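Q: Here it is, the structure in full.
The values are calculated or read from the model by the stated rules, or taken from the named source; none is laboratory data. Since this is a predicted model, take the numbers as computed values, not measurements. Neighbour counts run over all protein chains shown; Cβ positions are idealised from the backbone, glycine included.
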Amino acid sequence: MNPFPYHGPVRGSALCDREDVLDALLVAARAGRVAAVAGPAGHGVSSLALEVADRLRSEGADPVLVGLADLADGNDLAHRLPPSAGPNAAEAKDPVERPLLVDDADRSTADGAATDAGLRLREAAGGSGLLLFGHDAGALERLLAPGEEPLEIGPLPLAAWLPYALERFLETDVWVANEHVEAAHRLVAGHPRHLQHLSHELWDLASGRGRRVEDAMLEEALERVAGREARTWTVTWTTLTPNQRRFLRAVARGGGEAHPFGRDFLSGAGLTTASSAQRAAASLRDRGLLDEVGGALRVADPLLARWLSIGA
């Protein structure tokens with residue numbers, strides 16, 4: 001059986017390099033405190049929410065897990081949350097009894113009413129722990145008390161992924177060299193979902209061809225993963241304005257090294273003014289399609305960047 005999950009969130013031992021964050025969230029839930037975790041799409045935020053809920057249940061708690069992915073706006077928040085535990089909830093002997101876990105909690109600030117949303121979330125928790133999960137760290141921070149910040153997760157470091165992947169290949173009798181795992185990690189820049197998917201395809205290819213990963217399989221596995229992801233990217237692409245498309249494609253083709261508001265960049269992208277580029281960049285960042293690293297913009301998803309650069 002393929003040891004690398006392909007569909008949906010990962011659970012249990014399939015989570016890699018997230019124990020420190022899991023421990024921090026569990027401590028907060030047990031103490032009846034508020035905590036939050038943020039990370040880009042595909043980096044395991046929903047997986048963390050599900051895993052925390054599972055671990056709390058194993059301890060005898062009864063967590064409530066609510067997803068807000070399809071929340072219309074902040075005014076719709078009250079209809080998605082469980083009823084408040086009441087004014088005496090804070091006097092409960094055990095604050096871990098019924099912690100509230102809210103996935104896609106950053107959606108609760110969609111109408112800009114972050115303060116009100118934060119109060120409603122605390123009220124719904126009723127004195128038990130409140131754990132918030134989402135992709136937008138800034139939006140989550142607005143739900144927290146002053147001075148509190150969300151924990152942030154990012155790409156998986158090679159030092160954590162290499163032993164994890166090697167063990168899973170070898171325990172299923174599929175031989176893989178360190179160099180192949182390192183190359184797969186490099187191809188997707190440590191993106192957790194893509195790493196799982198790429199390793200899934202490598203295992204699948206090798207298991208049917210002598211149970212041994214060969215060099216040529218890397219490109220074949222990458223094409224398989226990109227082909228599946230392209231369906232989602234095509235839908236996203238159709239929702240972008242012409243300027244947003246031009247800007248995103250130009251950033252992808254610049255490889256993260258371009259100066260996206262300089263004259264040469266604007267001319268090459270087909271944008272007429274710096275202000276139009278800035279508006280496009282702002283909206284693309286808000287949608288999680290662009291990241292800023294060291295003052296430079298890059299496409300947040302490395303496989304999306306590859307898809308754009310070869311002719312989306």
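Q: Please go through (1) at pLDDT below 95; (2) of a type in the set (D, E, K, R); (3) not in a loop (DSSP other than H, G, I, E, B) for Glu179 and return the number of the only condition it doesn't satisfy.
A: Just one mismatch for Glu179, condition (1).
Q: On the given criteria, is Phe261 among the aromatic types (Phe, Trp, Tyr), assigned to a helix (DSSP H, G or I) and farther than 23 Å from Ile153 by Cα?
A: Here the answer is no, as Phe261 does not meet what is asked.
Q: Can you find, within the range 40-73, the residue that is surrounded by the fewest Cβ atoms within 10 Å (Cβ to Cβ) among those that are at positive phi and in contact (Cβ under 8 Å) with a residue 40 or more places away in the chain?
A: Gly42
Q: Which one of the conditions (1) in contact (Cβ under 8 Å) with a residue 60 or more places away in the chain; (2) more than 24 Å from Gly288 (Cβ to Cβ); (3) in a loop (DSSP other than H, G, I, E, B) does Trp203 fail to meet, given that it meets all the rest?
A: (3)
Q: For residues in the range 167-176 being within 15 Å of Ala14 (Cβ to Cβ) and either in a loop (DSSP other than H, G, I, E, B) or touching a helix residue (DSSP H, G or I) at 6+ places or on another chain (Cβ under 7 Å) (or both), which is modelled with the lowest pLDDT?
A: The residue in question is Thr172.
Q: Conditions first: (1) free of Cβ contacts under 8 Å to residues at least 12 places away in the same chain; (2) of a type in the set (A, V, I, L, M, F, W, C); (3) not in a helix (DSSP H, G or I). Ala282 passes all but one, so which condition is the exception?
A: Checking Ala282 against (1) free of Cβ contacts under 8 Å to residues at least 12 places away in the same chain; (2) of a type in the set (A, V, I, L, M, F, W, C); (3) not in a helix (DSSP H, G or I), the one that fails is (3).
Q: In the range 207-216, what count of residues is obtained for those that are surrounded by fewer than 22 Cβ atoms within 10 Å (Cβ to Cβ) and touching a residue at least 24 places away in the same chain (Cβ under 8 Å)?
A: 4
Q: For the range 162-196, what are the residues that are surrounded by fewer than 15 Cβ atoms within 10 Å (Cβ to Cβ) and of a type in the set (Phe, Trp, Tyr)?
A: Hit for the range 162-196 is Trp175, nothing else.
Q: Of the residues in the range 97-125, how many are at pLDDT below 85, surrounded by 20 or more Cβ atoms within 10 Å (Cβ to Cβ) and part of a loop (DSSP other than H, G, I, E, B)?
A: Matching residues across the range 97-125 total 0.
Q: Keeping to the range 223-252, report how many residues are outside any helix (DSSP H, G or I) and buried (at least 17 other Cβ atoms within 10 Å of the Cβ).
A: Here the count works out to 1.
Q: State all residues of the range 1-39 that are small (Gly, Ala, Ser), part of a helix (DSSP H, G or I) and either free of Cβ contacts under 8 Å to residues at least 12 places away in the same chain or under 15 Å from His197 (Cβ atoms) (or both); if no residue qualifies, say none.
A: Ser13, Ala14 - these are the residues of the range 1-39 that are small (Gly, Ala, Ser), part of a helix (DSSP H, G or I) and either free of Cβ contacts under 8 Å to residues at least 12 places away in the same chain or under 15 Å from His197 (Cβ atoms) (or both).
Q: In this structure, is Phe169 in contact (Cβ under 8 Å) with a residue 12 or more places away in the chain, more than 18 Å from Ala78 (Cβ to Cβ) and either of a type in the set (D, E, K, R) or assigned by TED's automatic domain parsing to the domain that holds Gly190 (or both)?
A: yes
Q: Say we look at the range 129-161 and pick out the residues that are at pLDDT 95 or above and assigned to a helix (DSSP H, G or I); which of these is surrounded by the most Cβ atoms within 10 Å (Cβ to Cβ)?
A: Trp161
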